[in-house]
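Only the coordinates and a few stated rules stand behind these numbers; no lab work does. A quick note: this is a predicted structure, and the numbers were derived from the prediction, not measured. Note that each Cβ is placed from the backbone with ideal geometry, even for glycine, and that neighbours are counted across all protein chains shown.
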Amino acid sequence: MSLTTQEMDHFKQILVARKKEIKDMRERNDSFGSDSEFPKESTGELSNYDNHPGDLGTELFEKEKDIALNDLHEKELEDIDAALNSIERGKYGICKTCGEDILKERLEAIPSTLYCKEHSPGQHSSDDRPVEEAVSGPDYSRRSNDGKDATFFDSEDTWQSVAKYGTSETPSDFTDPEKHDYNEMYEDSDDDDGYVENYEGFVTTDITGNERNVVQNRKHEEYEEELDREEERQLDRDKYDK
């Protein structure tokens, strides 16, 4: 059901009033100070060479907030003008996409809308990335060679070599429930380093290959536990095979 003339006038008054409100606000605050130069005009300082960037954290946040609010008001003014133009053409209250009537409840909530609920332009987060990523490469996890059967010393190995000396990670930062040692608070800390077979982590020999010994360390305990688990699994398989 199309809007009546009275309803059209009602929504036009709402749009005109909101447009005047935004323009008055922008005039009072000089469009949120969008024309003022940061940081000199924003802080009143003649020079900032002797200031640490952290000293301007609050001012920078306020400037960014003002820019965002100014952009939002400019977008709202564009939407209002489009809605007023739609009223003049007698198309207000009709979805631009499907041509169906827009619910009056929706128009009361968003008078500047030109779309019904089903065809409202999708809202999505910005895809913009920080400008510093243009010069700084991605972290090592995006350049890992784990799935390529590569054996050379890559960026991931470099990070692990450094992380052995300590990181700020805690057990709560990992999904592995077995991480308890704060000396292993980094990804793949259980990787074998310098050998291939598990037993090489606790078996030793002298320079001639004689004097074989077993070192009672964590790797040895893990190896024995794995053998015990494998034995239990084999017993279970034998039980079911019978």
* Structure fact -> The set of residues whose placed amide H lies less than 5 Å from the amide H of residue 92, leaving out same-chain residues fewer than 5 positions away, is 87
* Asked: At a Förster distance of 35 Å, what's the computed FRET efficiency of residue 217 paired with residue 155, Cβ-Cβ distance as r, to 0.05?
  -> 0.75
* Structure fact -> Residue-ordered couplings for the range 102-117, obtained by feeding phi - 60° into the Karplus form 6.51 cos²θ - 1.76 cosθ + 1.60 and rounding to whole Hz (Gly and Pro as x), are 8, 4, 4, 4, 5, 5, 5, 6, 10, x, 8, 6, 10, 10, 6, 4
